[in-house]
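Laboratory data are not the source of any read-out in this text; all were calculated from the coordinates shown. What you see is a predicted model, and the numbers here were worked out from it, not measured in a lab. Here the Cβ is made from the backbone with ideal geometry for all residues, glycine too, and neighbour counts use every protein chain on show.
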Amino acid sequence: MARPELRQGESGDADSGRIRFDKWLWAARFYKTRSLAAQAIDAGQARLNGERVKPAHAVRVGDAVSLRREGAVREIAVTALSDRRGPATVAATLYRETEASVAAREEARLLRKAADAVQPRFPGRPTKRERRKLGNLLGE
């Protein structure tokens, strides 16, 4: 299987140093389909250089992308362009996440983990065996 090459595409836009925002998000594997990427852009969850743009807006190397997913905000710098979706290892070369963004996501993950540890765990409805043990314990 041939690997997709960076900065090469059918439309010719990647050769000129720009590509559609929704297509780049899809190629970088942030969204599973281009339509999901376009919906995120329209909803304001994906921003380019801090501004809301349309899905067809041109992305260039060096642009800053801000993605809000699952309550976490990722700040990403575009390092390469591709209009083809390839393996995850190739997609990871299309961008670089800022150190502040990585630290903020890690801190949020630790806070979620601590909150989950404090929350009482309810395993669900007791089984017949557990009800009998509880009844024996309470003297019923």
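A few comments on the model shown:
- Angle in degrees between helix 99-118 and the longest Cα principal axis of the chain, rounded to the nearest 10: 10
- When you restrict to C-alpha pairs under 8 Å that are six or more residues apart and normalise by the size of the chain, the relative contact order lands at 22 percent.
- C-alpha long axis of helix 128-138 to longest principal axis of the chain, angle in °: 50
- In the chain, helical runs assigned H by DSSP with n ≥ 4 each contribute -39500 (n - 2.57); averaged across all residues and rounded to the nearest 500, the mean residue ellipticity at 222 nm is -11000 deg cm²/dmol.
- Electrostatic dipole magnitude of region 19-119 [Cβ: Lys, Arg +1; Asp, Glu -1; Cα centre; debye, to 20]: 380
- Nearest 10 degrees, 0 to 90: helix 34-43 Cα axis against the chain principal axis: 80
- In the chain, taking the dipole from charged Cβ atoms about the Cα centre, the farthest positive-side position among 118, 137, 44 is held by 137.
- Computed as a quarter of the hull surface, the mean projected area of the alpha carbon convex hull for the chain stands at 13.3 nm².
- Report note on the peptides 34-45, 111-122: ranked by the mean count of other C-beta atoms within 10 Å, highest first, their order is 34-45, 111-122.
- Amide H contacts of residue 19: 59, each under 5 Å away and 5 or more positions distant or on a separate chain (H built 1.01 Å from N in the peptide plane; Pro and chain starts excluded).
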